[in-house]
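Presented below is the structure to which this report refers.
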Amino acid sequence: MASVGRILKWLELPDSQQGNRWTNEDLEPVPPEKQTWGVFQYVELWFLVNMNISSYQTGSSLLAVGMTWWQAVIVILVGDFFASCFAVLNSISGATSHLGYPIVSRSVWGMWGAYFPILNRILLSVVWYGVQAVIGGKMIYICLRSIWIDLDDRIPNTLPEKTGITTAQFMGYVLFNLLCGGLIWFKPQQLRPYFHVGSVLVLVTMLSLLGWACATSKGYGSVLHAPATISGSKLAWAMCSGIMSVIGSIAAGILNQNDYTRFAKRKSQVTWSQGIGFNVSSAIIHIVGVLVTAATQEQYGKGEPLWDPSALFKSMQDQGGSRARAATFFLATVFIISQLSINVPGNVLAGGLDVASILPKYINLRRGAYVLAILSVAPNPWQQLASGSTFLSVLSAYAVFLGPFIGLLCIHFYIIQDRQFHVADLYTGNKSSLYWYHYGINWRTAVAWLCAVIPSLPGFLNSVNPSIKVSIHAQHLSNLSFIVGFFLACFNAYVLHWIFPYNYDKEIFGEDIAGTSEVGVYQEDVMPKAVAYRDV
């Protein structure tokens, strides 16, 4: 036992607050000197987050259900618009309070209750990180293959076919994780130079790829010419399902957007900048994916659409000479940058903060990010991707649970709590805390979330296991799962707090400056009370 105690003492963070298990430096409100993110940082952030291979391939799933390419583009644009609205709506509390998602969740769920949404977000980060790492690893494989075209002969495959990845591609996966490990060392505010360079490089490359593909096209094949195979109500519900899939694919990022808006200089800088950055970047990558796939279908796919860029680049290497190999090396390198952008800021750094909130005395953002990256190996992401689009559609369907989570954050901040936070109480784990509620849990929030999830649950189970038969009405409700869950959670929470009111107007609100200094939060002479405690 003595040795265990010594190990725990060695693991203890030097900046941990003695006697307070609820905080460390990374979990406290961002101090004024670190509030440095402006308009361009949020535009660049969304360009990097949205312009990834998963977004590039979105059109394939929509065309697979029988839509034409232009119907798929409409679905994507509408889905992006709604997703950007939810992202901005859930961002204001972070820009106002400079608090991250795990801490804001305490005000909604209670000090202990917040562990439930936080653990859900950690689970998603683990799974999504692994998936994106496998995809990024394939781009490293393409880079290596452009140098050694016989790479697969140099590194013979020893893995079963059902694994969904070759030994050479697995080596790319390992190398991609090493690159991620290097970026994880930096905190979000230190990645601004990366955002500057990466966002411009990715944008220019995507437009160049589109121009090249269209200029050298030898026919657009079925991607642009195939007629719709569904119409009427079936088409309408398929489009609704597609819109929910688009929102669901980025819902995990929307949920914890506070982790980035907490660095904002001003609240106004996270609204229109994110709206424009989100919609423009997402529209570009989705349209580029559809048009490039169409333009290369006949020449490189032999009539089959190559939605996976790694398959396209491999075909280009096989059919072209040294110039084609050089081009694919550069293109794959840019896709690696885009995958690092979705994986490091979007998954492990945000998820790392969630892990840190579980054990603040021993884990900070950096340690949490490394823990999450290591755990991502457990679900065997290369095996999951071998099952194709089914696995990704299940992840998107997880929006059944995320929509209510986001709705509860929004209704609490804007209406129930009247845009107020008593900062000291968010770091106090006993009955004296305003956010202790009942044994550390806000039962109203738990009931509101559960009642918002239940209506869409049968459709979610059907998406996970198609052998589970559900009614057509349950399927239709599932096609609207995110929006239905969001508004049901808002309504349920409002009604429950109206029937069973809770007093958030604590008498010491905005006055207990001494209480905040105990957890290293703002001093009165550093930040005015009105800004530190209330959005006025």
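Taking the helices alone, the chain has a mean residue ellipticity at 222 nm of -20000 deg cm²/dmol, built from -39,500 (n - 2.57) per DSSP H run of at least 4 residues and averaged over all its residues.
Loop-located chymotrypsin sites (Phe, Trp or Tyr not before Pro) in the range 121-205 (DSSP state other than H, G, I, E, B) with a sparse environment of at most 13 neighbouring Cβ atoms within 10 Å: Trp148, Trp185. Since only Asn177, Gly352, Asn503 are under comparison, the one whose Cα sits farthest along the positive direction of the charge dipole of the chain, derived from C-beta charges on Lys, Arg, Asp and Glu, is Asn177. Here the dipole of the range 193-328 is about 380 debye; that uses its Cα centre as origin and unit charges on the Cβ of Lys and Arg (positive) and Asp and Glu (negative). Working note: Debye formula, equal point scatterers on the alpha-carbon atoms of the range 457-498, no solvent; log10 I(q)/I(0) at q = 0.18, 0.20, 0.27 Å⁻¹ is -0.56, -0.63, -0.84.
Of the two radii for the range 36-387, the radius of gyration is 0.97 times the Kirkwood radius, both from the alpha carbons; that is the Rg over Rh value. Give Lys34/Lys361; Lys162/Lys314; Lys265/Lys361; Lys187/Lys265 a once-over and call out the pairs whose C-alpha atoms are over 24 Å from each other. Over 24 Å apart, Cα to Cα: Lys265/Lys361.
Each of the GluC sites (Glu not before Pro) that DSSP puts in a loop and that has at most 13 other Cβ atoms within 10 Å breaks the chain; the longest unbroken stretch is 13-506.
For Met244, Met316, the sequence from fewest to most other C-beta atoms within 10 Å is Met316, Met244. A Förster distance of 56 Å, applied to the separation of the beta-carbon atoms of Gln319 and Arg419, puts the FRET efficiency at 0.45. Applying the criteria of a DSSP loop state and at most 14 other Cβ atoms within 10 Å to the trypsin sites (Lys or Arg not before Pro) of the range 403-450 yields Lys431. The stretch between Gln190 and Trp237 holds 12.5 nm of extra length on full extension. This uses 0.36 nm per residue minus the Cα-Cα distance. Which Cα, out of Ser282, Gly211, His98, lies furthest along the positive dipole direction of the chain (beta carbon charges, K/R +1, D/E -1)? Farthest towards the positive end: Gly211.
Computed from the coordinates by the stated procedures, all read-outs in this text should not be read as laboratory data. Predicted, not measured: the structure shown is a model, and the values here were computed from it. Positions of Cβ are generated from backbone atoms using ideal geometry, with glycine treated the same way; all protein chains shown enter the neighbour counts.
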